[in-house]
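Below is one structure, written out as structure tokens, with a few remarks after it.
The values are calculated or read from the model by the stated rules, or taken from the named source; none is laboratory data. Just so it is clear, the structure is predicted and the values come from calculations on it, not from any experiment. For neighbour counting, all protein chains shown are included, and Cβ atoms are generated from backbone atoms with ideal geometry for every residue, glycine included. Ligands, DNA and RNA are stripped out before the accessible areas are found, and what is left, the full protein with its side chains, is counted by its heavy atoms. Shrake-Rupley method; radii C 1.70, N 1.55, O 1.52, S 1.80 Å.
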Amino acid sequence: MNKLEDPLRTILKTYCHVERHDPSILRRAVGIGEDYPYDLIKVRAQLREVIDLNLISLTEYEELTDEDFDSIEDLHEWLEELYSELL
């Protein structure tokens, strides 16, 4: 699999780590405009591509977040949840 690009890679590592995940903090970091460190449109597009094209492996996600999923389907389900959180 290809390595994830930033900003999605940084967001997963920083905001989705198993010990630190807090959706409200993530939503404050991702938005539209100068007040946000990460662009919502770009992050959502990257995330959608990762899900639709299966661009992340269980191993890569685990290395970034220490989160362990039993299957790629479980990971994709979680990524869909994350995508929905970023509205």
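For this structure, a couple of remarks:
- Residues (modelled with pLDDT under 95 and open to solvent by less than 60 Å² (accessible area, probe 1.4 Å)) located in the range 1-13: LEU4
- Of the residues making up the range 59-87, those that are over 17 Å from TYR15 (Cβ atoms), in a helix (DSSP H, G or I) and open to solvent by 60 Å² or more (accessible area, probe 1.4 Å) are THR59, GLU73, ASP74, GLU77.
- Residue within the range 30-45 that is in a helix (DSSP H, G or I), at pLDDT below 95 and open to solvent by 80 Å² or more (accessible area, probe 1.4 Å) present: no
- Only residues that are part of a helix (DSSP H, G or I) and not small (Gly, Ala, Ser) were counted in the range 1-29, giving 13.
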